[in-house]
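The values are calculated or read from the model by the stated rules, or taken from the named source; none is laboratory data. These figures come from a predicted structure and were not determined experimentally. Here Cβ is always computed from backbone atoms with ideal geometry, including for glycine, and neighbour counts include all displayed protein chains. Each accessible area value is taken on the protein alone, full model and side chains, heavy atoms only, with ligands, DNA and RNA left out. Shrake-Rupley method; radii C 1.70, N 1.55, O 1.52, S 1.80 Å.
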Amino acid sequence: MIKSYLSIIKISLKSIFANRSSIVILLLQALIPSLVMFYLWSVILKDGQTVGGFNKSQLIIYYLGVNLINSFVWYAIDWELNDDIHSGELSNIIHRPISIQSYYFFKMIGDRLANLLMLLPFLLIGLAFIIGKNLLIVSFLKAIELIVSIILAMVLWFLFSYIIGCAAYWFNNLFFVLLVKEVVVNLLSGYYFPLEILPNRLLQVFKVLPFQYFSSFPIDTLVKNLSLSIWTKNTLIEFIWIVALSMLLEIVNKKGLQKYSDVMG
C-alpha cells in the first residue's frame, strides 16, 4: 500500500517537472501577485499607518505569505475530479488498489512537493531579506506552529475541495460553480485582504467558518505573533472542521460513486 502511495507521489512530481510550461505558470502565479501587492501597499501605506491592525511591513509580509501558502495548499482537486468524472477517467482510478480519496490526496502531495522545490530558492531569498531587515522575528516555536498550520490547511483544503468536486456526480457542468467558489473562498479566506479590516460582527462570523485556515490563519501565526493559547484554540477549531468534513466526504463520495456506477454500468 505504501508503495502505491509513493508511486502516485513520484508520478505527480515527474509530470510537473516534465511540463516546462506548468513550471513557468506556477512561478508567474506565485511571484507576480506577490510583487504587485508588495508595490501596491508600499505606495498606499505610509510608515506609521495601519490597516486592520497591520502596519506597512506586516501587511506586505502578510500578502507575500498568503501567496506562498496558497502555492503549497491550494490544489484544484474539484476541477480535476470534475474532469475525471465526466471524461470517464474515474473508471480507471476506481480499479486502482487504493481508495479514490487516497489517490487524489497523494497526487496532491506530489504536486505540492513540486511547488515547494520550485519555489524554495525564492522562499529562502525572501526569508533572508525579511530577517535581515528585521521585519519579522521568527522563533523556533513560531516556525513549528506555521508548519503545523500549513499541513492542517492542506488537509482541510483537500477535504473541502474534494466535497465540492463531488457535485460533478450529479451535475454535468460545474464550470460556473467552481468559478464562483474560487471568488468566494478567496474572499472568505483572507486572500484579497486581511479579514481584520472587516466590521467586528462580520469578522466573528468569518472566524467560525473553515475558510480562514486556508490562507489567513497560517500567516497570522507569524505576522500577528499569536499567543500559544490563541493558536491552540484556533487549531482545535480547525481540527474539528477536519473531522466534520472527513465524515461528510465519506457520505458524499459513497453516494456519488453509487450514482457513477449506475450511470456507467
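Among Phe206, Phe217, which is touching a residue at least 12 places away in the same chain (Cβ under 8 Å), part of a helix (DSSP H, G or I) and surrounded by 22 or more Cβ atoms within 10 Å (Cβ to Cβ)? Walk me through how you get there before you give the answer.
Numbers: Phe206 fails: surrounded by 22 or more Cβ atoms within 10 Å (Cβ to Cβ).
Exactly one of Phe206, Phe217 is touching a residue at least 12 places away in the same chain (Cβ under 8 Å), part of a helix (DSSP H, G or I) and surrounded by 22 or more Cβ atoms within 10 Å (Cβ to Cβ), namely Phe217.
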Apart from one, (1) out of contact with any Leu (no Cβ under 7 Å at 6 or more places or on another chain); (2) at pLDDT below 90; (3) not aliphatic (A, V, I, L, M) all hold for Lys254; the odd one out is (2)
Checked segment 117-143 for anything among the β-branched types (Val, Ile, Thr) and either open to solvent by 80 Å² or more (accessible area, probe 1.4 Å) or not in a helix (DSSP H, G or I) (or both); matches are Ile125, Ile131, Ile137, Val138
Among helices (runs of 4 or more DSSP H) completely within segment 37-116, the ones holding 1 or more residues that are more than 24 Å from Phe211 (Cα to Cα), aliphatic (A, V, I, L, M) and in contact (Cβ under 8 Å) with a residue 24 or more places away in the chain are 77-87, 90-94
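Can you tell me which residue within segment 145-168, out of those that are over 16 Å from the mean Cα position of the chain (by Cα) and buried (at least 20 other Cβ atoms within 10 Å of the Cβ), is farthest from Trp241 (Cα to Cα)? Step through it out loud before you land on a result.
Of the residues in segment 145-168, the ones over 16 Å from the mean Cα position of the chain (by Cα) are 145, 166-168.
From what's left, buried (at least 20 other Cβ atoms within 10 Å of the Cβ): 166, 168.
Numbers: Cys166: 18, Ala168: 23 Å.
Selected residue: Ala168.
Would you check which residues across segment 225-234 are surrounded by fewer than 17 Cβ atoms within 10 Å (Cβ to Cβ) and of a type outside the set (A, V, I, L, M) and list them?
Going through segment 225-234, the residues surrounded by fewer than 17 Cβ atoms within 10 Å (Cβ to Cβ) turn out to be 225, 227-230, 232-233.
Of everything in segment 225-234, those that are surrounded by fewer than 17 Cβ atoms within 10 Å (Cβ to Cβ) and of a type outside the set (A, V, I, L, M) turn out to be Asn225, Ser227, Ser229, Thr232, Lys233.
In this structure, does Ser229 turn out to be in a helix (DSSP H, G or I), over 25 Å from Ser139 (Cβ atoms) and either in contact (Cβ under 8 Å) with a residue 12 or more places away in the chain or of a type outside the set (A, V, I, L, M) (or both)? Outline the logic, then answer.
On the way: in a helix (DSSP H, G or I): yes; over 25 Å from Ser139 (Cβ atoms): no; either in contact (Cβ under 8 Å) with a residue 12 or more places away in the chain or of a type outside the set (A, V, I, L, M) (or both): yes.
For Ser229, the condition - in a helix (DSSP H, G or I), over 25 Å from Ser139 (Cβ atoms) and either in contact (Cβ under 8 Å) with a residue 12 or more places away in the chain or of a type outside the set (A, V, I, L, M) (or both) - is not met.
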Report whether or not Tyr192 is of a type in the set (Phe, Trp, Tyr), touching a helix residue (DSSP H, G or I) at 6+ places or on another chain (Cβ under 6 Å) and assigned to a loop (DSSP other than H, G, I, E, B). yes
For Leu195, the lone unmet condition from (1) touching a Phe, Trp or Tyr at 6+ places or on another chain (Cβ under 9 Å); (2) surrounded by fewer than 21 Cβ atoms within 10 Å (Cβ to Cβ); (3) aliphatic (A, V, I, L, M) is (2)
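Taking segment 217-247 as the region of interest, how many residues are small (Gly, Ala, Ser) and modelled with pLDDT under 90? Let's see the steps before the verdict.
Filtering segment 217-247 for residues small (Gly, Ala, Ser) gives 227, 229, 244, 246.
Now drop any that are not modelled with pLDDT under 90, which leaves 227.
Of the residues in segment 217-247, 1 are small (Gly, Ala, Ser) and modelled with pLDDT under 90.
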Counting only residues in segment 46-66 that are closer than 21 Å to Ile131 by Cα and aliphatic (A, V, I, L, M), the one most open to solvent (accessible area, probe 1.4 Å) is identified as Leu64
Within segment 80-94, of all residues that are of a type outside the set (Asp, Glu) and buried (at least 18 other Cβ atoms within 10 Å of the Cβ), the one nearest to Leu156 (Cα to Cα) is Leu81
